[in-house]
Each structure stands twice: as C-alpha cells, then as structure tokens.
1. So which residues in region 6-54 are assigned to a helix (DSSP H, G or I) and of a type in the set (S, T, Y)?
2. Got a sec? Which of S193, S199, S185 is more than 18 Å from I62 (Cβ to Cβ), without any contact (Cβ under 8 Å) to a residue 40 or more places away in the chain and of a type in the set (S, T, N, Q)?
3. Considering region 320-349 alone, what residues qualify as being basic (K, R), outside any helix (DSSP H, G or I) and in contact with a helix residue (DSSP H, G or I) (Cβ under 7 Å, 6 or more places away or on another chain)?
4. Of all helices (runs of 4 or more DSSP H) completely enclosed by region 168-267, which ones contain at least 3 residues that are under 22 Å from the mean Cα position of the chain (by Cα) and surrounded by 16 or more Cβ atoms within 10 Å (Cβ to Cβ)?
5. Here are I73, I91: which of them is more than 18 Å from the chain's Cα centre (by Cα), of a type in the set (A, V, I, L, M), surrounded by fewer than 23 Cβ atoms within 10 Å (Cβ to Cβ) and in a loop (DSSP other than H, G, I, E, B)?
6. Can G78 be described as small (G, A, S) and surrounded by 24 or more Cβ atoms within 10 Å (Cβ to Cβ)?
7. Quick test for you: out of T366, T401, pick the one residue that is touching a Phe, Trp or Tyr at 6+ places or on another chain (Cβ under 7 Å) and either assigned to a loop (DSSP other than H, G, I, E, B) or of a type in the set (V, I, T) (or both).
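Since every read-out is calculated from the coordinates, none of them should be taken as a lab result. Note that the coordinates shown come from a computational prediction; the quantities given were computed from them, not determined experimentally. Because the Cβ atoms are built from the backbone with ideal geometry, glycine has one as well, and the counts that use them run over all protein chains shown.
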Amino acid sequence: MAENSEVQLKPKKKLTVFDAISSSLAQMAPAAGIYYGFPVIFAASGIGSPLTILLATLAIAIVGISLTNFSKIHPSSGSLVKYISMTFGDIVGTTASLVFLIGTIFLAGSAFIELGGWTTDSLALYGIHIHWIASTIILGLIVWLITVVGINSSTKIAAVALFIEVAVLLTVSVLVLIYPPSPLSLKPFAFSSIRGGLSGLSLAFPLAIYLFIGFENSVALAEETNNPKRNTARAVLVSISIMSVFFIFVNYSVIQGFSNHVDDLIKSKNPFIDLADQYLGRFSVLAIIAGFTSIFGMTIACLNGFSRIAFNSAREGLIYRKLSKVSKWGTPISTLTLLSGLGILAAVLMGLLSDGWVDAFGYLSTIGTIPLLLIYSLLNLAVIFYKKEKWPFHKKYLFPTIGLFSILVPIWAMVQPGQPAPVSYFPWIILVVCAASLIYSWFTVKKKSPISAKFSIYETVVKEEES
C-alpha cells in the first residue's frame with residue numbers, strides 16, 4: 001500500500017500552542033464533566049472526591065507522558081493509532097484504526113445527542129418546545145459546517161465556548177468560598193473522608209478518569225500546529241495540569257457549598273446547578289448557558305480531533321483511502337462528514353431505542369469509551385515495545401506500566417459481569433468489533449507496512465523544514 005503523498009492538511013494559518021491547549025480543554029468539557037460527572041463521583045467517594053480526582057490526574061498524566069514520548073519525535077495527525085502502528089505493525093495498526101473509528105462514531109453520537117438534548121431541555125424551561133431529534137440534527141449539521149470551513153475558526157469558537165463556561169463555573173465556586181454556608185474545612189482532602197475507603201476509591205476512580213477523556217486532542221492537530229514537536233507535547237501536559245487544578249477547585253467548592261454533608265450532596269441531582277441557583281439568583285440562567293457552551297465546544301473539539309486520526313489512517317491506507325479527501329479550507333472533509341453523519345444517525349437511533357436522550361447519551365458514551373480506553377492501553381504498551389528510541393527507564397518502562405494498570409481499572413469497571421442490561425451487552429459488542437477488525441486486518445494488510453516502513457508524509461516534511 002503506497003502512501004498518497006499529495007494529500008496533506010494545509011490550513012491558511014497554523015494553530016498556536018494556545019489553540020492546541022484550548023482545543024484539548026474544550027474536548028474535556030469542564031461544565032459537562034461537573035454537571036454529569038461530579039454527582040456520580042460524590043455518590044461513590046463522598047466528600048473525599050478531591051483526592052479521587054487527584055489520583056485520576058496522576059494516572060492520566062502518566063498516559064499523557066507516554067503519548068508525548070512519541071509526539072515529541074514523530075508528530076502526526078494519526079496520534080495514538082499512528083504510534084501503535086509504528087510499534088506493532090500493519091495488522092495491529094489497521095485493527096486499532098478500525099476499532100478507534102467505530103468507537104469515535106459512538107462518541108460523536110453521544111456528543112450530538114447531549115448537545116441536542118441539553119438544548120431541548122433548556123428551551124423547555126422557558127416555554128420553547130422542540131423535539132430533541134430536531135435539535136440534535138440541526139446543531140449537528142451546524143457543528144459539521146463549523147469544522148469543515150477551517151481548523152482556525154472552529155478552534156477559536158471552541159475556545160470562546162470554553163471561556164464562557166469556565167467564567168461561570170469559577171464565579172459560582174469563588175462565591176461559595178467567599179460566602180460559605182458554614183466555616184471552610186480541609187476535611188475533603190483527608191483519605192478518611194473517602195466514602196467506603198478503598199472500595200469507594202476504586203468505585204469512583206474510573207468515573208474520575210472519564211473527566212479527562214480528550215486530553216490527547218492536540219496531538220491529532222499536529223499537522224496543523226506550529227512547531228508540533230514542542231507545542232503538541234506542551235498542550236497535552238498543560239491541559240491535564242490546568243484541568244486537574246480546575247476540577248479539584250470546583251469539586252472542593254461544591255462540597256463546601258453543601259457544608260461537607262455527603263447525604264445532601266448525594267440527594268441533589270445536580271449539586272453545582274443547585275448552588276448556581278442559590279448564589280446567582282436570577283442570573284442562574286448563566287449556568288444553563290455554560291452547559292450549552294461546554295457541550296458545543298466539546299463537540300467541535302471532539303469532531304476535529306477524531307476526524308484527523310481517521311484521515312491519517314485513510315491517507316496511509318489502513319482504511320478506505322478515499323476518506324482522505326481534503327476540502328478547499330484544508331480540512332479532512334470526508335472523515336468529518338463520515339463521523340458527523342454516522343454520529344447523528346447513531347444518536348437518533350439510540351435515542352429512539354432508549355428511555356429518553358439522557359439514557360441514550362449514557363449508552364453511546366459507554367460503548368464509545370471502551371475502545372478509546374483500549375487504545376490508551378495499547379499506547380502504553382507501544383512505549384514499552386518501541387525499539388527505535390532509547391528513552392530513560394522511567395519513561396520507557398515505569399510510567400507506561402503504571403499508566404497501563406491505571407487504565408485497566410476503568411476498563412474493568414465498564415466490562416465486569418453483573419451489570420444491568422443493556423450495559424452488560426456492550427463489552428460483547430466491542431469484543432465482536434475487535435475480533436472482526438482483527439480478522440479483516442489479517443486478510444487485507446500486505447506484508448510491507450506503509451507505517452512501520454517509514455514515517456508519514458507529514459513527518460518527512462517536518463524533517464525537511466527543520467534541516
């Protein structure tokens with residue numbers, strides 16, 4: 001399979017390190033994580049949640065270090081899939097590409113239905129009624145158009161959306177700490193505050209890991225970023241650091257807003273929204289707006305990152321090569337259209353088969369997250385087994401091993417027996433996807449790998465520019 005040397009992503013203006021960082025932060029969607037993730041983390045680990053998030057941060061940071069090991073040397077829009085292919089060859093690389101692509105279709109679907117559903121529910125509060133299917137399709141097409149017409153404009157829009165949600169979240173959190181209902185306490189940072197001890201920690205840890213999904217977004221934008229060897233690695237580690245401090249700060253503020261009363265936290269369906277109503281009064285609508293901007297920015301960033309990885313796989317012949325078509329704006333229009341179309345379709349179908357869009361969002365995000373966590377695991381193994389670079393012992397063996405085990409915890413939490421239907425079927429669905437992808441790869445991949453044999457076209461261009 002020969003590489004298509006003419007196909008490259010060429011934006012009119014390269015992204016800055018700030019753009020790359022904001023794109024990663026936008027995909028992590030802080031408001032959405034706080035609104036949907038914090039309640040279940042509180043239920044699992046109680047007021048000891050800040051420590052749980054801290055431990056999840058360390059685990060994700062180790063995975064991030066494994067990713068930057070590669071991105072500092074071989075920046076590529078193929079991101080995780082590219083590095084797995086470089087290490088394990090064509091069969092595993094093609095399998096990873098297919099599994100990742102299928103997983104991202106479900107994740108795109110979860111983003112679209114969350115965007116449409118949140119919008120529908122928010123408008124209903126003000127007497128405006130529109131079906132979630134209509135809002136999902138309309139907003140999905142708007143996001144597709146924004147991502148197609150240019151990486152610079154789409155990342156700027158995602159950055160503005162990020163700024164709005166962060167401003168609202170910080171305002172409420174600071175107000176809580178300035179005017180707490182009871183004296184502030186450092187009790188949430190004591191291990192004894194974790195509900196259920198180690199069992200509570202093990203239950204909440206996977207949930208905290210999910211808060212950081214999307215940290216790798218900037219690596220997929222390497223081809224369109226200035227000085228990618230430096231800036232993509234910086235973006236990964238800086239975005240993890242910023243978001244960890246932010247999540248811990250807001251989490252602590254919410255706990256203080258409920259006076260460290262775990263029962264009250266658990267009874268609340270959305271603790272942060274309750275505090276926003278209390279502290280913002282008639283301006284609490286800003287919290288709803290922050291939810292929309294969070295999901296909107298996350299959907300844009302998600303589509304940008306995922307489409308680049310699929311584009312690179314198509315360009316290198318791992319999947320259907322015609323999917324590597326580039327628009328006049330320098331964006332991967334074929335993979336953007338594929339992910340958007342199938343994502344919207346998955347959102348509508350799952351929504352119709354579920355008891356409302358919220359359940360459908362949970363199902364889609366679960367099915368889509370399992371393949372992504374598997375790819376994270378393979379990335380850590382790739383660092384250990386990659387032979388062409390001599391990294392220090394802690395980077396090559398210690399960190400990847402810790403990272404691998406830290407990712408296996410949330411994977412086990414999602415696939416362990418005894419879960420209710422239809423969630424209990426999801427691991428089997430992913431197993432079938434993996435097996436089918438492996439069989440396809442075995443019979444279609446030729447002996448000589450376009451990936452393992454040489455660097456991608458973009459890496460060659462980077463080397464020529466540097467020389």
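1. S22, S23, S24, Y35, Y36, S45, S49, T52
2. S199
3. The answer is K325, and nothing else.
4. 198-210, 217-220, 228-257
5. Matching residue, one of I73, I91: I73.
6. So G78 passes the test.
7. Answer to the check: T366.
Listed here are the residues, each with its yes/no results for (1) touching a Gly at 6+ places or on another chain (Cβ under 8 Å); (2) of a type in the set (F, W, Y); (3) closer than 23 Å to K229 by Cα; (4) free of Cβ contacts under 8 Å to residues at least 12 places away in the same chain.
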residue	(1), (2), (3), (4)
L9	yes, no, yes, no
D19	no, no, yes, no
A31	yes, no, no, no
F42	no, yes, no, no
I47	no, no, no, no
I53	no, no, no, no
